[in-house]
Amino acid sequence: MEIAEHITALGQDAKALAKAAEQGGLDAEVPTCPGWDMRELVRHLGLIHLWAAGHVAQPQDPSWGDDLDRFTEVWPELAVFWPEDEKLISWYLETNANLIQTLESAPPDVDSFTFLPAPTPLAMWARRQSHETSVHRFDAENAAGIASSFDPILASDGVDELVAGFAPRKDELPLDGERTMLVHATDTDDSWHVTLAPTGITTVRSNETADVTVAGTASDLYLMMWNRGKDSSVAVAGDRTVLELWHDNVRIRWSGAGRSEEEDSEITSDSDD
């Protein structure tokens, strides 16, 4: 996907998330983010948008961290932690619009901090924020009882970000040898061959035979690989314990604006989160 496509999806999913939050109510529990209600979900994503925009808007500023005063200096009208409930959803949409404006106005060669492989830093931030919002849009819709759907290309791109971007950051697994998993999107015909080893994970684009094959639509794989959907939504052939190993050990974590998105909250609570 191109940067512009990610930015378009980012805006569309934000509006859908806001609609779900309004329909479900801020007190609604979010089953796919244990311990969170809709209020926490909306707050989290608004903060993430400000954090991401900060890195792109001021790429050479090292102070984007846990100090929320920095957000207040740059965006005094947006860095309100937290708005009253009646203003929270509109505040979230404003943080999303601010992020989109920041991404669209940034120079293509902006040299900002990144934490995932991408052709450029701008491409990484647009892609990451798109999928951050898309997955959380599902969380909000699920909590509100609204059926979710994903564009197959977007979903496949999200699987790729997870298995080829986030997963290889894992440098240790409770294994005594290598295990392999083939992930195949039946509607886009994309395939990823994932090797899980004691020293971490490597992923290549391949349909090579593996210990377990996981096949389904890109949308179903997107949710299942992000621990948002049950394995029953996809076809699993071979050693299912390899898939269980993935679920138990590949978790994307977040605990604050100044930490990378794989540090402190489980994949089921974030993006990412």
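Every number in this text was worked out from the coordinates using simple rules, so none of it is lab data. Since the structure is predicted, the reported quantities are computational estimates derived from the model, not experimental observations. No Cβ is skipped: glycine too gets one built from the backbone with ideal geometry, and neighbour counts run over all protein chains shown.
Only one item in [x] 21.4; [y] 17.5; [z] 13.5 matches mean projected area of the Cα convex hull in nm² derived from the coordinates shown, and that item is [z]. Within straight cross-link reach of residue 15, meaning Cα distance under 20 Å, which lysines are found once same-chain residues fewer than 8 apart are removed? The reachable lysines, counting only those whose Cα sits under 20 Å from residue 15, are 87. In region 152-249, Cα pairs under 8 Å separated by at least six residues give a relative contact order of 28 percent. Over region 16-106, Cα pairs under 8 Å with separation of 6+ residues give a relative contact order of 33 percent. Taking the average, over residues, of other Cβ atoms within 10 Å as the packing measure, peptides 122-129, 93-100 rank 122-129, 93-100 from highest down. How much FRET efficiency would the formula 1/(1 + (r/R0)^6) give for residue 86 and residue 147, where r is the Cβ-Cβ distance and R0 is 25 Å, rounded to 0.05? For residue 86 and residue 147, the calculated efficiency is 0.35.
Highest average first, the peptides 149-159, 194-204 ordered by how many other beta carbon atoms sit within 10 Å of their residues are 149-159, 194-204. Calculated [222 nm] ellipticity per residue, helices only, for the chain: -14500 deg cm²/dmol; basis is -39500 (n - 2.57) per DSSP H run with n ≥ 4, divided by all residues, nearest 500. Using only side-chain charges placed at the Cβ, +1 for Lys and Arg and -1 for Asp and Glu, the dipole size of the chain relative to its Cα centre rounds to 240 debye. Under the criterion of Cα pairs below 8 Å and six or more residues apart, the relative contact order for the chain equals 20 percent.
Selection among 24, 102, 115 by position relative to the dipole of the chain gives 24 as farthest towards the positive end (Cβ unit charges, Cα centre).
What is region 1-71 by shape, rounded, prolate or oblate, if you read a ≥ b ≥ c off the alpha carbon gyration tensor as root eigenvalues and call it rounded for a/c under 1.5, prolate for a/b larger than b/c, and oblate otherwise? Note, shape of region 1-71 comes out oblate. Taken one residue at a time, the phi angles of region 44-51 give Karplus couplings (6.51, -1.76, 1.60, θ = phi - 60°) of 4, 5, x, 5, 4, 4, 5, 4 Hz. Gly and Pro are set to x. A simple charge model with +1 on the Cβ of Lys and Arg, -1 on the Cβ of Asp and Glu and nothing else charged puts the dipole of region 152-249 at about 160 debye relative to its Cα centre. Rounded to the nearest 20 debye, the dipole magnitude of region 19-64 is 120 debye, with +1 charges on Lys and Arg beta carbons, -1 on Asp and Glu beta carbons, and the Cα centre as origin.
Work out, step by step, the length gained on full extension between residue 120 and residue 61: first 0.36 nm times the residue separation, then minus their alpha carbon distance; give nm to one decimal.
Details: separation 59, 0.36 × 59 = 21.24 nm, distance 1.82 nm.
Contour length minus the Cα-Cα distance gives 19.4 nm.
Counting other Cβ atoms within 10 Å as a rough exposure proxy, the listed residues 43, 240 run 240, 43 from fewest neighbours to most.
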